[in-house]
Amino acid sequence: MPSTQSRTRTTQSRPSQTTQSKPKRANGEGTIWQVKSGPDAGAWRCAVVLPDGKRRTFFAKTEEEVKAKLLDFNHAKSHNTPLPPPRTLSVEAYAMDWLEGQRDHIRPSTWAGYRANVVHHIVPSLGKAKLADLQPADVRRLHRESKARGLSPRSVRYVHMVLSRALGQALADGLVSRNVATLAKPPGAPKAEIHPFNRDEALKFLAECRGEPEEALYVLTLGLGLRRGEVLGLRWKDISFSNRTVTVAGQLQRVSYGGLVFVPTKTSGSTATISAPDFVLDTLVQERDRQSFVRQPKPDDYIFVGAAGEPLDPDAVTHHFPKFCERHGLRKTRFHDLRHASASLLLAQGVPLWAVSKILRHSSLSITSDLYGHLHSETARESADAMSAFMEASR
């Protein structure tokens, strides 16, 4: 049996052992140290182990800063919120990954435009920068360098928009703490001036189109105010001669990686069945009869095709139109201005602005007002003057 003295000695030794033992650091708490040598000498680091076993390292100039990053990390992990972004993720790596993720959510032509801006402008200027370190000054540098590459202010704004959308997704994913593109104002772009055909010019244009191979294409575009891709994407099945309507269900577009593709309309509001004027339908009947001498048009065939029956290239149509105007003594203008001419002629005939907006299928009345508000004001002034003249005559 142990003596009283030995029991006392054993009891007294236990507290001493407990006091001297060191508490074990829990997983994820992180290890902080100061770099002693090399190019980063004097900087502070903190290494943590993620739940999946991978290691993350935080860098800072001072011990207080690296402790703050560790605190943010542990707070995010405990509250199940996105972890602070890895400092090694570059703008290029993120932008290319984001771009690939957009492929199935936007139109092919839009994706091709995004890709061109990422590859040719965003990556050359910002690609090597760390995503988490991006500053508003970097975005302003992107503006300057894009302009130096020959981009117009409007194109620089497009580059800015693509970057802002990418960083907006990065913010939603918790990879950045702010979208710095929203803090750097892009250069202003002058408002495009619109000079479509007036009434007399439009009548001369229609007269010059008679008998020309392009007659149906030009008449349909002017008569219905269609976009280039919309008119080139029309198939014979989209025309109802009995109902006197034309259905716009999509656009024919050229994309850099896939040639010519038919793209459905963006929204249900963009898909429309339009009541067609008689002169448009008459021109379509003539076009169908003309094609019947070569081949019998099928319902799924495009209306406007080349010699071999292939759909017309949108860029070729744009390039050819000013030459047509010059050859026929018409004021040189753009193919897209036929759509503007359609709107201006409708307004000149007293059609309300909201009705013109619906015919053109703008997403909002404000878009129509921005484009044609001045024409609407002129029409409103003429209407007011006509009413004044009527009241004077009635006295």
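The values are calculated or read from the model by the stated rules, or taken from the named source; none is laboratory data. What you are looking at is a predicted structure, and each value in this text was computed from that prediction instead of being measured. Glycine gets a Cβ as well: all are built from the backbone with ideal geometry, and neighbour counts include every protein chain shown.
Side notes on the structure shown:
- Considering region 184-199, the residues that are more than 16 Å from residue 143 (Cα to Cα) and among the basic types (Lys, Arg) include one that is nearest to the chain's Cα centre (by Cα), namely 191.
- Condition check for residue 318 on (1) surrounded by 16 or more Cβ atoms within 10 Å (Cβ to Cβ); (2) under 25 Å from the mean Cα position of the chain (by Cα); (3) assigned to a helix (DSSP H, G or I): one failure, at (1).
- Residues that are in contact with a Lys or Arg (Cβ under 8 Å, 6 or more places away or on another chain), outside any helix (DSSP H, G or I) and not assigned by TED's automatic domain parsing to the domain that holds residue 107 occur at least once in region 227-236.
- When we screen 148, 189, 166, 202 for residues that are more than 30 Å from residue 72 (Cα to Cα) and buried (at least 17 other Cβ atoms within 10 Å of the Cβ), the only hit is 202.
- Count of region 115-151 residues which are over 18 Å from residue 94 (Cβ atoms) and not in a helix (DSSP H, G or I): 3
- Residues in region 125-135 that are at pLDDT 95 or above and exposed (fewer than 15 other Cβ atoms within 10 Å of the Cβ): none.
- Test for residue 138: is it under 30 Å from residue 42 (Cβ atoms), at pLDDT 95 or above and out of contact with any strand residue (DSSP E or B) (no Cβ under 9 Å at 6 or more places or on another chain): yes
- Positions within region 152-174 being under 15 Å from residue 126 (Cβ atoms) and in contact with a helix residue (DSSP H, G or I) (Cβ under 7 Å, 6 or more places away or on another chain), in sequence order: 156, 159, 160, 162, 163, 164, 166, 167, 170
- Residue-level check: of (1) part of a helix (DSSP H, G or I); (2) modelled with pLDDT under 80, residue 58 misses just (1).
- Residue within region 186-199 that is in a helix (DSSP H, G or I), farther than 26 Å from residue 150 by Cα and basic (Lys, Arg) present: yes
- Residue selection: residue 212 satisfies the criterion of being assigned by TED's automatic domain parsing to the domain that holds residue 341 and part of a loop (DSSP other than H, G, I, E, B).
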